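Chemist: Let me begin by handing over the structure; questions about it come next.
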Amino acid sequence: MEGIVETLLNPSVLIGLFVGVFISILCYFVLSSKTVKVVEKTSKKKPEVKIPKNPPHQPKPKQKPSNKKICHSSYASSFKGHAGNVTDADLSSNGKFLATCSDDDPGSTSTEDSGGSFCSSSDSNKANILSNSTGEKKRKASRRQTRNRRKMVSNKLNEQKKAVKSNDTNNNCTKELRSVLPAFGLTEDQLYTLLIDFTLMPDQLFTNGYPELNKAKNQVRILRQCFAKPRRIYERKKCMSYTDSDQNSNSSDSCEDNELGKSSLHSLPISRGSAGVERTCVRCSTGFFITDHEYLTKERCRYHWGKVIHSFFTCCKKPCDSVGCTSSKLHVWNGTVAGINEPLEGFVNTKHSKKEKKRKVYALDCEMCYTVKGLELCKVTILAYNGAIVYDHFVKPDNEVVDYNTRYSGVTESDVNGPNSKTFSKVQSDILELVTEDTILIGHGLDNDLRVLKLLHSNVVDTSLIFPHERGYPFRYSLKHLMSMYLQKQIQTSELGHSPYEDALSCLELIFFKVKTHHGQKYFNLIQKNSCS
């Protein structure tokens with residue numbers, strides 16, 4: 001034992017034992033760290049598990065929504081309800097509906113972008129697009145979708161109510177709208193000064209069909225430059241029946257003298273009844289008889305509403321000698337005959353400004369309908385020199401309307417009887433307060449507008465006269481032709497009839513074009529002066 005103790009206490013032996021223990025501990029730590037790394041690597045790798053196919057009786061699991069864009073051949077075309085091609089498609093945030101951006105989305109509630117496209121932003125529109133395009137059954141709308149739809153409907157109703165209220169409460173008949181024309185840098189007073197050169201002279205007014213006061217007789221007269229049959233007055237029986245046949249007939253249910261529309265109007269029987277005046281239909285050039293308050297010749301009018309180009313009508317492509325392609329219940333006339341029409345009743349003269357001269361410039365355009373008295377006013381629109389609407393109202397004619405002439409006027413029976421309609425006397429008094437004798441009125445064929453307004457006014461600028469026809473008087477270019485010729489703009493393209501606002505605005509544009517080309521340096525000097533000030 002003593003030998004063993006001495007051996008263990010030997011310094012060399014103790015050092016060897018210490019070194020061995022240290023080496024063994026170091027090896028232990030190194031091996032343990034390697035095993036931990038290997039375990040971490042193996043734990044990250046998941047074992048591949050083969051998923052068996054769903055049996056036919058079990059439903060397929062729902063797919064989770066993904067934000068990846070879907071590529072499908074249908075996106076190159078258009079969804080039902082879209083006029084243009086679908087340019088982008090993706091799932092919505094809840095993964096239920098397609099979020100699309102189409103060239104034209106009629107169901108969208110978002111604003112129009114600079115490119116003229118409409119981007120759908122509501123889930124209700126997305127649901128409609130998906131259901132319409134796939135033909136699937138409509139899904140039940142969520143609470144949020146229902147709430148959004150109700151808001152949309154209520155907003156539209158509120159807008160309509162506000163529009164009606166604004167029309168009813170607008171007693172002074174002025175509307176502050178965005179200025180359509182920049183006035184080309186001119187003030188109203190400067191434009192007034194430049195337009196004096198284009199106003200008609202007093203002797204030009206009467207010769208161009210404007211109403212004039214005959215001071216010798218103290219009566220209003222109009223000179224009508226046209227070719228028409230001479231005025232003849234006959235005595236004939238009233239026709240108490242009305243025939244809807246397209247051709248003249250001598251059947252027992254019609255008047256025996258209902259053949260008056262033919263050119264042979266001789267030896268008419270004179271009997272008890274009202275005195276009838278022969279007029280010529282402006283549509284079919286057929287003669288018919290009327291009194292001051294009613295029609296005596298009650299027959300249908302067959303006519304072509306188009307123009308003749310190369311011996312064919314533009315409305316139906318039929319030759320000139322063909323029967324009319326359109327029909328109306330009665331013949332119509334414009335209210336004047338060839339020569340001097342005198343006396344005319346109901347005309348008023350614009351008043352002199354009591355205070356100072358108002359150098360105002362307005363553009364005027366009227367729409368007309370046919371009555372037994374001829375053309376009568378059914379809508380009037382007045383614009384300021386910068387294009388803002390000053391007066392815009394429908395008018396109830398004093399006489400019964402025979403034809404609203406909707407194809408050209410755009411006015412219907414509901415418009416005339418609507419909330420934004422006034423009586424003729426009210427409209428006439430409103431215009432007299434707005435227009436004084438110093439006011440310059442701008443229009444195209446303004447003689448017809450002043451005639452139906454029954455207004456005597458001498459300070460006018462007529463675009464049909466300052467842009468003369470190449471064949472000279474009495475030919476005149478249409479407003480549509482002038483806009484296309486000088487400004488390269490197309491107007492009156494709507495199938496719903498002419499817009500008096502569009503026509504009046506076109507007259508203003510033509511006037512600014514004429515002022516710019518006629519005055520030249522003077523015009524540019526005024527613009528430079530205004531810009532500096």
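Chemist: Taking F424 and the conditions (1) closer than 14 Å to C369 by Cβ; (2) loosely packed, with under 15 Cβ neighbours inside 10 Å, which numbered condition does it fall short on, given that it satisfies the others?
Modeler: Condition not satisfied by F424: (2).
Chemist: Follow-up. Which of the residues spanning segment 485-498 are open to solvent by less than 50 Å² (accessible area, probe 1.4 Å) and closer than 20 Å to F513 by Cα?
Modeler: As a first pass, look at segment 485-498 and keep what is open to solvent by less than 50 Å² (accessible area, probe 1.4 Å): 487, 491-492, 497.
Hits for segment 485-498 are L487, I491, Q492.
Chemist: Related question: Please give the strands (runs of 3 or more DSSP E) falling wholly within segment 286-356 in which 3 or more residues are open to solvent by less than 60 Å² (accessible area, probe 1.4 Å).
Modeler: Those strands (runs of 3 or more DSSP E) span 287-290, 326-328, 339-344.
Chemist: Right, here's the next one. Kindly list the number of the only condition in (1) within 24 Å of R302 (Cα to Cα); (2) open to solvent by less than 30 Å² (accessible area, probe 1.4 Å); (3) not aromatic (F, W, Y) that fails for T406.
Modeler: Failing condition for T406: (2).
Chemist: What do you reckon, is Y370 open to solvent by 30 Å² or more (accessible area, probe 1.4 Å) and of a type in the set (S, T, Y)?
Modeler: So Y370 fails the test.
Chemist: Please go through segment 324-382 and give me each residue that is under 28 Å from the mean Cα position of the chain (by Cα), at pLDDT 95 or above and of a type in the set (V, I, T), ordered by number.
Modeler: V361, T371, V380, T381, I382
Chemist: Separate question: For the condition open to solvent by 10 Å² or more (accessible area, probe 1.4 Å), out of contact with any helix residue (DSSP H, G or I) (no Cβ under 7 Å at 6 or more places or on another chain) and among the hydrophobic types (A, V, I, L, M, F, W, C), what is the one hit in L450, L465?
Modeler: The unique qualifying residue is L465.
Chemist: Still on this structure, please answer the following. Against the condition open to solvent by 30 Å² or more (accessible area, probe 1.4 Å), of a type in the set (V, I, T) and in a strand (DSSP E or B), how does V395 come out, does it pass?
Modeler: So V395 fails the test.
The values are calculated or read from the model by the stated rules, or taken from the named source; none is laboratory data. Here the structure is a predicted model, which is why all the values come from computation and not from measurement. Because the Cβ atoms are built from the backbone with ideal geometry, glycine has one as well, and the counts that use them run over all protein chains shown. Heavy atoms of the whole protein, side chains included, go into the accessibility calculation; ligands, DNA and RNA do not. Shrake-Rupley method; radii C 1.70, N 1.55, O 1.52, S 1.80 Å.
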